[in-house]
Amino acid sequence: MKIPTEVLLERYKDNVFAAAFHICKNAADADDVVQDTFLQYYLSEKCFEDEQRIRSWLLRVAINRAKDINRSFWRRNRVSLDEYTETLQFKSDDSENLFAQVMKLPEKQRIVIHLYYYEDYSVREIAEILNLSESNIKIRLMRGRKLLREALKEEWDDDE
């Protein structure tokens, strides 16, 4: 199965961008990842079983490309997270605060938290995307939740 790139771009560009942004913490780099990901799909001769496999493949490629960008020399020319966060619109102060705390997580936990909560992937699907065991994903989710709980608890304690 090979779905036209334009169709996939329309359906998944926001998902790919969000996954890349969670890793790069930079809108310009995330845009580059989106472009590179869909270009790689376009040039690929790989056939997929179904659309879900394509979506997983796109996210895996995007995550790997975002990690490559993080390691690159040009990484230091990025826009700060604070500057980008100012352009986002949140439903409430709590959701803005939660986003900020998720972005502070270590990369391993941040990626898993993003895929699980923002992309609605199951533990099994995340394990396939990241080429890790399901138990490893569960541990990363547990650690990410614990770090978020501690960070948010500290903020609530400070507000009292």
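The values are calculated or read from the model by the stated rules, or taken from the named source; none is laboratory data. All of these numbers come straight from a predicted model, not from anything done at the bench. Positions of Cβ are generated from backbone atoms using ideal geometry, with glycine treated the same way; all protein chains shown enter the neighbour counts. Note: areas computed on protein heavy atoms with side chains; ligands, DNA, RNA excluded. Shrake-Rupley method; radii C 1.70, N 1.55, O 1.52, S 1.80 Å.
The charge dipole of the chain, taken about the Cα centre with unit charges on the Cβ atoms of Lys, Arg (+1) and Asp, Glu (-1), comes to about 880 debye, rounded to the nearest 20.
Accessible surface for the chain, divided over its residues, is 62 Å² per residue with a 1.4 Å probe. Extension gain, D120-Q40: 0.36 nm per intervening residue step, less the Cα-Cα distance, totals 26.4 nm. Available extension along the chain between R145 and V7 is 46.2 nm, counting 0.36 nm per residue and deducting the alpha carbon span. The Rg/Rh ratio for the stretch 94-160 is 1.03, where Rg is the radius of gyration of the alpha carbons and Rh is the Kirkwood radius. For the chain, which whole percent of the accessible surface, found with a 1.4 angstrom probe, sits on carbon and sulfur atoms? Exposed carbon and sulfur together represent 49 percent of the surface. For the chain, adding -39500 (n - 2.57) for each run of n ≥ 4 DSSP H residues and dividing by the number of residues yields -24000 deg cm²/dmol at 222 nm. Angle of helix 5-24 to the longest C-alpha principal axis of the chain, folded into 0 to 90 degrees and rounded to 10: 40°. Value of Rg to Rh for the chain, rounded to two decimals, is 0.99; Kirkwood radius and Rg both from alpha-carbon coordinates.
If you wrap the Cα atoms of the stretch 8-72 in a convex hull and average its projected area over all directions, you get 4.0 nm².
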